[in-house]
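Novice: Before I ask anything, here is the structure I am working with.
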Amino acid sequence: MRSDWLQSWLADIIKRKHSAVQITLSHHNIYIVPSRQGGFFLCMVILNFILGSNYQNNLILGVAYIMLLILVLALIYGYLNLHGLTIQVLDIKNNFASKPVEVRLKFTAPHDCYSLDVASQMYDSSPSNSNYQQGATVSSLFLHSEKRGRYQLGRIRLSSRYPFGLVRVWTYLNVDRTFCIYPTPLSCQLTFSTQEATESQGQYLHQDTQSHENFDGLERFRPGISKNRISWRHFAKNQQLLVKQYSGDSYYSQHTFDYAAHDGNKEIRLSKLCYQILEADKLGDTFALRLSNAVQVGVDRGDKHREACLEALSDF
């Protein structure tokens, strides 16, 4: 009972003092204690002091005082190593299940910082132990999550054992931001469920398969068209952005990917929809997404529309 109360009290303090996208480290938010090696080192100091006192040996007492001085200096230098460092979360890049999510961090140091370890307390993260030179440095923290969904970034822990490994200095950055884990794309036939022009009726017609295999020509680039369709060879020659057009191209059609049109369990259906969204985006098609009567994404195209559809799959 007391342990639960203590953890709740500590969590409340951390949330109040460390909740921000950017934080500058000072005596208000830096914590420092002797490490395990430092605790053993302190025991040796006490043992030498007792031996030197009992046998009235000034040499052993001198060694004890020097060891104690080293431990005190380690506490001071460990604190000064992180003091004044500013940490800022720049961006969180969504990713697919079983692939790492990249959290971009910016470190602004008034002086060189040594042996700084950055890790997430909520997710498995790739270990990192780096030295940061004076000035601004952008680094990445990779989080590993296996399941689809929307997650809270939560608490990031920054710690250091500089110098000598005798002390442990740490702090937290509690970030109130979310990221999405998309379903893993599952290859399937690229079919579309065509929506009627009258959106108020909310009806969906039969499925038809569109062919994008035969090259049909080039047309001028328009905002929202996928960059994968750009003919870079023509751009290199004429400095004109032209996009490839294919016979049977459904670029100007309005298509809807429908959750009910697929078979399998929930995760398999979402994985197939994810594959279709990615493929349609590569081809520059306009498309909509229908997961249920209450969850729909309207017809559009472009990067923002693709992200909106993928986020809808994560949240469903």
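Read-outs throughout are calculated quantities, based only on the coordinates presented, and are distinct from any laboratory measurement. Here the structure is a predicted model, which means the values were calculated and not measured. Reconstructed Cβ throughout: ideal geometry from the backbone, glycine too, with neighbour counts over all protein chains shown.
Novice: Work out how much length Met44 to Asp124 would gain on full extension: take 0.36 nm times their residue separation and subtract the Cα-Cα distance, in nm to one decimal. The partial results should precede the final answer.
Specialist: Numbers: separation 80, 0.36 × 80 = 28.80 nm, distance 3.61 nm.
That pair, Met44 and Asp124, stretches by 25.2 nm at full extension.
Novice: Here's another thing I want to ask about it. Given the pairs Lys99/Lys304; Lys99/Lys237; Lys147/Lys244; Lys244/Lys304; Lys15/Lys266; Lys93/Lys266, which span a C-alpha to C-alpha distance of over 27 angstrom in this model? Could you put the intermediate results ahead of the total?
Specialist: Values: Lys99/Lys304 21 Å; Lys99/Lys237 38 Å; Lys147/Lys244 36 Å; Lys244/Lys304 21 Å; Lys15/Lys266 36 Å; Lys93/Lys266 25 Å.
As for pairs spanning more than 27 Å Cα to Cα, those are Lys99/Lys237; Lys147/Lys244; Lys15/Lys266.
Novice: If you don't mind, another one. Once the mean 1/r over all distinct Cα pairs of the stretch 14-181 is inverted, what Kirkwood radius in angstroms do you read off?
Specialist: 17.7 Å
Novice: What ranking do Leu116, Leu71, Leu47, Leu59 get, fewest neighbouring Cβ atoms within 10 angstrom at the top?
Specialist: Fewest-to-most Cβ neighbours within 10 Å comes out as Leu59, Leu47, Leu71, Leu116.
Novice: Another question about this same structure. Using Cβ counts within 10 Å as a stand-in for footprinting exposure, how do Leu289, Leu273, Leu69 rank, fewest first?
Specialist: Ordered from fewest to most neighbouring Cβ atoms within 10 Å, Leu289, Leu273, Leu69 come out as Leu69, Leu289, Leu273.
Novice: If you don't mind, another one. Taking N as the number of residues in the stretch 76-168, what value does Rg over Cα atoms divided by 2.2 N^0.38 Å take?
Specialist: That works out to 1.16 for the stretch 76-168.
Novice: Can you list residues whose amide H is under 5 Å from Asn129's amide H, if they're 5+ apart or on another chain and H is modeled 1.01 Å from N?
Specialist: none
Novice: Next question. What ranking do 78-89, 32-43 get when scored by the average of other Cβ atoms within 10 Å per residue, highest first?
Specialist: 78-89, 32-43
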